[in-house]
Amino acid sequence: MVVCGARHAFMGVALFSALFSLHSKTVGRVMIATSAVAYADGFVWWTHGRGEWNHWRYAPVLAVIGTLFLDLFDRRYIMK
């Protein structure tokens, strides 16, 4: 439990430091990495029999918001 809390604290600090740097690409990459951590945590809980949806329910939201910060769906790139 201590390792899980330390990992979540680290991901929170990494996300806030990316937000304070004002670089949208960095924020997007950190959010997608946070989503990958949530998926991995959910998989670990799934193998132990319970608690996976506590992680899997917010992981897709982080991934979508991360891709929006990366400007992957920006109209300027689609129109080229």
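The values are calculated or read from the model by the stated rules, or taken from the named source; none is laboratory data. Since the model is a prediction, treat every value here as computed from it, not as a measurement. Counting neighbours? That spans all protein chains shown, and the Cβs are built from the backbone with ideal geometry, glycine included. For the accessible areas, the whole protein counts, side chains as well, though only heavy atoms, and no ligand, DNA or RNA atoms are used. Shrake-Rupley method; radii C 1.70, N 1.55, O 1.52, S 1.80 Å.
Within the stretch 1-70, the percentage of alpha carbon pairs spaced more than 17 angstrom apart rounds to 43%.
Ligands, DNA and RNA left out, the 1.4 Å accessible surface of the chain is 73% carbon and sulfur atoms.
Look at the alpha carbon pairs under 8 Å that are at least 6 residues apart: their mean separation over the length of the stretch 1-70 gives a relative contact order of 35 percent. Note on the chain: dipole from Cβ charges, positive end direction compared against T34, V44, L19; the farthest Cα belongs to L19.
Tell me, what is the per residue accessible area of the chain in Å², probe radius 1.4 Å? For the chain, the solvent-accessible area averages 74 Å² per residue.
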